[in-house]
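*Asks:* Starting off with a structure, shown below.
The values are calculated or read from the model by the stated rules, or taken from the named source; none is laboratory data. Being a predicted model, the structure only gives us computed values, none of them experimental. Neighbour counts are summed over all protein chains in view; Cβ atoms, including those assigned to glycine, are modelled from backbone coordinates with ideal geometry.
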Amino acid sequence: MSLENMVIPEHVAVILDGNGRWAKKRGLPRAMGHKAGCETLEKMVRVASDVGIRYFTVYGFSTENWKRSEEEVGALMQLFRYYMVRLLKIASANNVRVKMIGEKSRFAPDIIKGIDNLVEKTRDNTGMTFIIAINYGGRDEILRAAKKLAGVYQESGADIRSVDEAEFASYLDTAGIPDPDLMIRTSGEMRLSNYLLWQLAYSEFYITDCLWPDFNQEELEKAILAYNSRERRFGGR
Ligand code: IPE
Ligand code: IPE
Ligand code: MG
């Protein structure tokens, strides 16, 4: 497959789903599925950057995922620790800038430090921006933005009724990042699971049965091909 003459979406947002099912199919513990998923993520950061995507956002852990078993959450935290270090190497080698969206204060101090380090050390990179959504929930993000905005207006005494969409969006975690053009969900589920509720308003959706650990360059190219066949609309005509 070739992406020649294809429009490359500027911002691709992924819901990486299916790690558990991938492991189950092989009779492995769920944690092994997450490990395989991290390896895929590592590869896909490089692939997305090579393909020419400018912003690549990946849903790694939702505000609801804390409800999973202590064992699974613990395994995921260990993987964050390990892959954060590896990600720094990959980002540095590929001129990738890393950002995080979500509410990081719920993580252990060393994980918070790791995230800050990753963001800090890659902030001047000029290639693709890789945005990792962890302890992220669209509703939580919107609520935090509303509270921040209310605080600023309360302080200044300005009239909050003058706020427009652009100003509101500047309080979201994704401030300064264009909305996704294409949203990919792996593993076939037809729902948003609290992902980028504000930002996906006019994105094209591509849902594949491919389980995340099996996702690769070819699967991404299929999604980009499908995107190219869409007639984008933004409500006008
Ligand atoms: C996605 O895989 C990774 C996270 C949500 C952390 P899942 O763990 O949701 O995999 P399935 O949906 O059970 O297959
Ligand atoms: C969405 O996947 C969250 C992430 C990919 C991090 P889930 O597997 O948690 O979502 P549901 O439970 O299928 O809606
Ligand atoms: Mg899932």
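*Asks:* Sort out which residues of the stretch 73-92 are within 16 Å of ligand 3 (Cβ to nearest atom) and either part of a strand (DSSP E or B) or surrounded by 15 or more Cβ atoms within 10 Å (Cβ to Cβ) (or both), and write them in order of number.
*Replies:* Of everything in the stretch 73-92, those that are within 16 Å of ligand 3 (Cβ to nearest atom) and either part of a strand (DSSP E or B) or surrounded by 15 or more Cβ atoms within 10 Å (Cβ to Cβ) (or both) turn out to be Ala75, Leu76, Leu79.
*Asks:* Taking strands (runs of 3 or more DSSP E) that do not extend beyond the stretch 113-213, which have at least 1 residues that are surrounded by 16 or more Cβ atoms within 10 Å (Cβ to Cβ) and touching an Asp or Glu at 6+ places or on another chain (Cβ under 6 Å)?
*Replies:* Once the strands (runs of 3 or more DSSP E) in the stretch 113-213 are filtered for at least 1 residues that are surrounded by 16 or more Cβ atoms within 10 Å (Cβ to Cβ) and touching an Asp or Glu at 6+ places or on another chain (Cβ under 6 Å), what remains is 129-136, 182-186.
Residues checked against (1) within 14 Å of ligand 1 (Cβ to nearest atom); (2) in contact with a Gly (Cβ under 9 Å, 6 or more places away or on another chain); (3) of a type outside the set (A, V, I, L, M, F, W, C):
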site	(1), (2), (3)
Ala23	yes, yes, no
Met32	yes, no, no
Ala48	no, no, no
Met84	no, yes, no
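*Asks:* So Asn95 fits all but one of (1) within 26 Å of Tyr171 (Cα to Cα); (2) more than 16 Å from ligand 2 (Cβ to nearest atom); (3) outside any helix (DSSP H, G or I); what number is the exception?
*Replies:* (1)
*Asks:* Cβ-Cβ under 9 Å, sequence separation 6+ or interchain: first residue in the stretch 57-70 and closer than 20 Å to Gln199 by Cβ, partner within 12 Å of ligand 3 (Cβ to nearest atom) and β-branched (Val, Ile, Thr). Which pairs?
*Replies:* If the second residue must be within 12 Å of ligand 3 (Cβ to nearest atom) and β-branched (Val, Ile, Thr), the pairs left are Val58/Ile15; Tyr59/Ile15.
*Asks:* On the given criteria, is His34 within 15 Å of ligand 3 (Cβ to nearest atom), over 14 Å from Arg185 (Cα atoms) and either at pLDDT 95 or above or surrounded by fewer than 14 Cβ atoms within 10 Å (Cβ to Cβ) (or both)?
*Replies:* Against the criterion (within 15 Å of ligand 3 (Cβ to nearest atom), over 14 Å from Arg185 (Cα atoms) and either at pLDDT 95 or above or surrounded by fewer than 14 Cβ atoms within 10 Å (Cβ to Cβ) (or both)), His34 qualifies.
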